[in-house]
Amino acid sequence: MDRLIVLGTGNANATRCYNTCFAIDFGNELLLCDAGGGNGILRQLADAGIGLNRIHHLIVTHAHTDHVMGVVWLMRMIAAQMNAGKYEGELHIYASAAVREGLMQMANFMLQPKMIAQIGKRILFCDVTDGQTETVAGQETVFYDIGSTKMQQYGFTIRLMDGRRLCCMGDEPYNPICERYVKGADWLLSEAFCRYCDRESFKPYEKHHSTVKEACELAQQLGVPNLVLWHTEDKHIQERKKLYSEEGSAFYNGNLFVPDDLDVIEL
Ligand SMILES: [Zn+2]
């Protein structure tokens, strides 16, 4: 069975959990989506038991700090392992052309020439555009522009091994222009900045984020049977699962997951 390995659950400012990023383990193949804001990704991967040599497919949704800085670390570590003969095959990075350009600039600025030399050789970028279909980690994946007004961002819908579909909406609320990509999904991965009842303290709307209530109402309205909430504040981290689940269950009848870092969800 496919497993969703939750590597991080926090928003950009969270320090009591890692920034939101995850892997899907399909058995033979593995997909990594985003890498959080730094070399904490290496710790999360190690604690999740994911060796760097298992990472061959990486989707980068957008270029904000909390999603992209860890990618530089992965490029550095994987290029070093390639050079040392400890990594087989290629690393495919799926991202917009703008993210690719930004990562190239960061690599050129921060990494050693012998690591940069692997880019284009064994570290291969695949530019994605709205509606583009690719086979990622062996699974049919459709990328879509989430319609962000802050920065171009891509979500995607990936087919699971049993044919069901999982949709990652990135770190912004659902935009109705994306309905054809999101509707009919069996799993929805959604941001929820905080609880609706805490909206005055965390001000999610100013930051183009939403709350547990809205994410749950959306999943209910779209008839999605499984909903995962993350990209949250970290002030309630100890009780987050309980508190968020309580608020969400008033608006959503499906299976609601509010994972902690390193939780594993059977898909
Ligand atoms: Zn974010």
Practice task
For segment 38-57, enumerate the residues that are at negative phi, more than 16 Å from the ligand (Cβ to nearest atom) and free of Cβ contacts under 8 Å to residues at least 40 places away in the same chain.
Solution key: Asn39, Leu42, Arg43, Leu45, Ala46, Gly51, Leu52, Asn53, Arg54, Ile55
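So in segment 8-53, with the set limited to residues that are assigned to a strand (DSSP E or B) and touching a Gly at 6+ places or on another chain (Cβ under 6 Å), which one is nearest to Gly163 (Cα to Cα)?
Within segment 8-53, the first condition is being assigned to a strand (DSSP E or B), and the residues that meet it are 8, 10, 19, 21-25, 30-33.
Going one step further and asking which of them are touching a Gly at 6+ places or on another chain (Cβ under 6 Å), we end up with 8, 19, 21.
On the way: Gly8: 26, Asn19: 29, Cys21: 23 Å.
The qualifying residue nearest to Gly163 (Cα to Cα) is Cys21.
Being of a type in the set (Gly, Ala, Ser) and more than 16 Å from the ligand (Cβ to nearest atom) is the filter here; which residues of segment 215-267 pass it? Break it down stepwise before answering.
Initially, segment 215-267 is screened for residues of a type in the set (Gly, Ala, Ser), giving 215, 219, 223, 245, 248-250, 254.
Selection gives Ala219, Gly223, Ser245, Gly248, Ser249, Ala250, Gly254.
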Handout entry: Hits in segment 214-246 - residues which are surrounded by fewer than 22 Cβ atoms within 10 Å (Cβ to Cβ) and part of a helix (DSSP H, G or I)
Key = Glu214, Glu217, Leu218, Gln220, Gln221, Leu222, Lys241, Lys242, Leu243, Ser245, Glu246
Exercise for the section: Report yes if some residue within segment 72-94 is closer than 18 Å to Thr141 by Cβ, of a type outside the set (Phe, Trp, Tyr) and within 16 Å of the ligand (Cβ to nearest atom); otherwise report no. Expected result: no
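Has segment 206-213 got at least one residue that is buried (at least 18 other Cβ atoms within 10 Å of the Cβ) and at pLDDT below 95? Spell out the reasoning first.
Taking segment 206-213 as the starting set, the residues that turn out to be buried (at least 18 other Cβ atoms within 10 Å of the Cβ) are 209-213.
Adding the requirement that they be at pLDDT below 95 leaves 209-210.
Yes, segment 206-213 has at least one match.
What's the total number of residues in segment 106-126 that are closer than 30 Å to Thr157 by Cα and surrounded by fewer than 15 Cβ atoms within 10 Å (Cβ to Cβ)?
First, pick out the residues of segment 106-126 that are closer than 30 Å to Thr157 by Cα: 106-107, 118-126.
Those still in the list that are surrounded by fewer than 15 Cβ atoms within 10 Å (Cβ to Cβ) too: 120-121, 124.
Number satisfying all stated conditions: 3.
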Completion exercise
Listed by first then second residue, the pairs whose first member lies in segment 4-20 and is more than 14 Å from the ligand (Cβ to nearest atom), whose partner is modelled with pLDDT of 95 or more and assigned to a loop (DSSP other than H, G, I, E, B), with beta carbons under 6 Å and at least 6 positions apart or on separate chains, are Leu4/Leu267; Val6/Pro259; Val6/Asp263; Arg16/Asp234; Arg16/Ile237
Completion exercise
Given the conditions (1) surrounded by fewer than 16 Cβ atoms within 10 Å (Cβ to Cβ); (2) part of a strand (DSSP E or B); (3) not aromatic (Phe, Trp, Tyr), every one holds for Ser190 apart from (1)
Problem - Verdict on Ile24 being touching a residue at least 40 places away in the same chain (Cβ under 8 Å), under 17 Å from the mean Cα position of the chain (by Cα), closer than 26 Å to Phe257 by Cα and away from the ligand (no atom under 16 Å from the Cβ) - result: yes
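Looking at Asp130, Asp162, which one is at pLDDT 95 or above, over 22 Å from Met104 (Cα atoms) and outside any strand (DSSP E or B)? Before the answer, list the steps.
Numbers: Asp130 fails: over 22 Å from Met104 (Cα atoms).
That would be Asp162, the only listed residue that is at pLDDT 95 or above, over 22 Å from Met104 (Cα atoms) and outside any strand (DSSP E or B).
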Problem - Count of residues meeting criterion [touching a residue at least 40 places away in the same chain (Cβ under 8 Å) and in contact with a Gly (Cβ under 9 Å, 6 or more places away or on another chain)] in segment 100-145 - result: 2
Exercise for the section: Kindly indicate whether any position in segment 67-78 is surrounded by fewer than 15 Cβ atoms within 10 Å (Cβ to Cβ), touching a residue at least 24 places away in the same chain (Cβ under 8 Å), assigned to a helix (DSSP H, G or I) and not polar (S, T, N, Q). Expected result: no
Practice task
For Met1, work out the one condition from (1) modelled with pLDDT under 95; (2) more than 20 Å from Pro259 (Cα to Cα) it doesn't fulfil.
Solution key: (2)
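The values are calculated or read from the model by the stated rules, or taken from the named source; none is laboratory data. This one's a predicted model, so the numbers in the text were calculated from it and none came from an experiment. Reconstructed Cβ throughout: ideal geometry from the backbone, glycine too, with neighbour counts over all protein chains shown.
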